[in-house]
Structures are given as structure tokens and as C-alpha cells.
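Structure first, then comments.
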Amino acid sequence: MDDIPAPPPQEPSYPESGAPWWARLPLKVFRTADTGEAPSSIERPWRYSWDHLPKRSAGLGFSQEDYDDARKRAESVARSTLGEELWQQLQRVGYLELQSRIFPGVTYRLRVGRRIEVRCTPGVRPPWRYSWLCINPTYPLPEAEFFAHLYLYVRDQEEEIVRVAAPQPWDQALGRTF
């Protein structure tokens with residue numbers, strides 16, 4: 001009798017009315033592949049395609065109040081990421097510059113919502129044919145929040161910037177920021 005397996009755990013059932021459509025799907029659909037556990041409430045927007053959205057938009061159903069709230073939170077994130085001194089410098093001059101660790105004589109100029117400008121000291125050959133690097137977020141983000149991401153990447157993981165950046169002949173606003 002010791003060889004009788006325990007019955008499988010019961011999946012919770014949702015009432016048909018009042019529950020969102022996804023809540024009525026079997027829970028095993030939402031199990032993670034690596035652990036088999038139900039996912040946490042952490043959003044993972046990079047797992048989806050956002051190509052259907054218009055540029056500089058967070059998508060349908062995002063109200064002006066939602067945009068305002070997201071931009072306020074993004075400013076708070078950027079301010080705490082950069083620190084008060086760099087945040088004030090960004091507000092005062094409109095950009096931050098970081099020296100390249102890979103290319104001597106190269107400086108990256110970062111501006112909120114714009115492409116990265118690659119600046120070279122006189123006599124230094126630029127590492128790219130064009131002096132603007134285009135890097136867009138995978139999913140829609142407020143400009144200030146993406147700026148903080150870019151700053152950290154250029155400062156700490158320049159190799160990744162070099163790997164994924166698309167050199168461009170002109171400056172332009174980023175596509176997936178709002």
C-alpha cells in the first residue's frame with residue numbers, strides 16, 4: 001500500500017464571471033519552464049514583441065494620466081540612479097559625457113530621448129563610420145528611465161553598447177521611448 005502515489009494537487013478554479021480571461025486558463029499554462037512554479041508578479045516585457053506600437057507610444061489604453069505618472073516615476077528612477085550631482089548637471093547642460101574605456105580619445109555624449117553622440121579628440125580616428133549610435137529599448141519606456149539604463153551600460157558595460165549599437169549618420173529621437 002506504500003506504493004500508491006499521492007493524488008495530484010488540485011488546480012484552483014475561477015468563476016466564469018468576474019475573472020479576467022487569462023485567469024480562466026489552466027494554471028499550468030503559466031508555469032515557468034525552469035522551475036515549474038507559478039510565476040511571480042514581476043513583469044517581463046522583453047519577452048513580447050512591441051513592433052505593433054506606434055513610435056514614442058506606450059500603446060492603446062495608456063491615458064495622459066498614465067503617461068504623466070510613468071514620467072514622474074522615471075524621473076525619480078533616473079535621479080536616484082545618477083545621484084543628485086549628475087542629475088543636476090544633466091538638468092543644467094542637457095547631457096552627460098562619459099569617457100570610453102575601450103577607445104582612447106573617445107567620449108560618449110548622452111542626452112535624454114536622443115541617440116548617443118560619439119565625440120573624438122582631435123587626431124583620434126572614430127571607431128565607427130558615423131558619429132551617432134542608435135540604441136532603442138526592447139519595450140516602451142519613459143525617456144528618463146531609459147537614459148538611466150544607457151548611462152549605466154556606457155559606464156559599466158561599454159562592450160555591450162559596442163556590440164548592439166547601430167551607427168547612424170544623424171541624430172534623432174529614440175523610437176520606443178515616450
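Looking only at segment 83-95, how many residues end up being out of contact with any strand residue (DSSP E or B) (no Cβ under 9 Å at 6 or more places or on another chain) and not small (Gly, Ala, Ser)? Walk me through it before giving the result.
Taking segment 83-95 and keeping what is out of contact with any strand residue (DSSP E or B) (no Cβ under 9 Å at 6 or more places or on another chain), we get 83-85, 87-88, 91-94.
In the following step, the residues that additionally are not small (Gly, Ala, Ser) were identified as 84-85, 87-88, 91-93.
Result for segment 83-95: 7.
Yes or no, residue by residue, for (1) without any contact (Cβ under 8 Å) to a residue 40 or more places away in the chain; (2) outside any loop (DSSP other than H, G, I, E, B); (3) farther than 27 Å from residue 51 by Cα; (4) touching a strand residue (DSSP E or B) at 6+ places or on another chain (Cβ under 8 Å):
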position	(1), (2), (3), (4)
81	no, yes, yes, no
97	yes, yes, yes, yes
122	yes, no, yes, no
138	no, no, no, no
149	yes, yes, no, yes
160	yes, yes, no, no
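Given the criteria outside any loop (DSSP other than H, G, I, E, B), in contact with a Phe, Trp or Tyr (Cβ under 7 Å, 6 or more places away or on another chain) and buried (at least 17 other Cβ atoms within 10 Å of the Cβ), does residue 112 qualify? If you could, list the steps in order and put the result at the bottom.
Working: outside any loop (DSSP other than H, G, I, E, B): no; in contact with a Phe, Trp or Tyr (Cβ under 7 Å, 6 or more places away or on another chain): yes; buried (at least 17 other Cβ atoms within 10 Å of the Cβ): yes.
No.
Does residue 121 satisfy being of a type in the set (Val, Ile, Thr), at pLDDT below 95 and farther than 21 Å from residue 79 by Cα?
On the way: of a type in the set (Val, Ile, Thr): yes; at pLDDT below 95: no; farther than 21 Å from residue 79 by Cα: yes.
So residue 121 does not fit the description; no.
Taking residue 108 as meeting all but one of (1) hydroxyl-bearing (Ser, Thr, Tyr); (2) without any contact (Cβ under 8 Å) to a residue 40 or more places away in the chain; (3) touching a Ser or Thr at 6+ places or on another chain (Cβ under 7 Å), write down the number of the exception.
Failing condition for residue 108: (2).
Tell me, which residue of segment 42-59 that is part of a loop (DSSP other than H, G, I, E, B) and touching a residue at least 12 places away in the same chain (Cβ under 8 Å) is surrounded by the fewest Cβ atoms within 10 Å (Cβ to Cβ)?
We begin by selecting, within segment 42-59, every residue part of a loop (DSSP other than H, G, I, E, B); these are 42-44, 48-59.
Next, from what is left, pick out any that are touching a residue at least 12 places away in the same chain (Cβ under 8 Å): 48, 50, 53, 55-59.
Values: 48: 10, 50: 17, 53: 17, 55: 12, 56: 14, 57: 15, 58: 20, 59: 13.
Per the stated criteria, the residue is 48.
For residue 106, state whether it is over 16 Å from the mean Cα position of the chain (by Cα), β-branched (Val, Ile, Thr), surrounded by 17 or more Cβ atoms within 10 Å (Cβ to Cβ) and farther than 20 Å from residue 50 by Cβ.
Working: over 16 Å from the mean Cα position of the chain (by Cα): yes; β-branched (Val, Ile, Thr): yes; surrounded by 17 or more Cβ atoms within 10 Å (Cβ to Cβ): yes; farther than 20 Å from residue 50 by Cβ: yes.
In short, yes.
The values are calculated or read from the model by the stated rules, or taken from the named source; none is laboratory data. As the structure is a computational prediction, the values presented were derived from the model and not from experiment. Cβ atoms come from the backbone with ideal geometry, glycine included; neighbour counts cover every protein chain shown.
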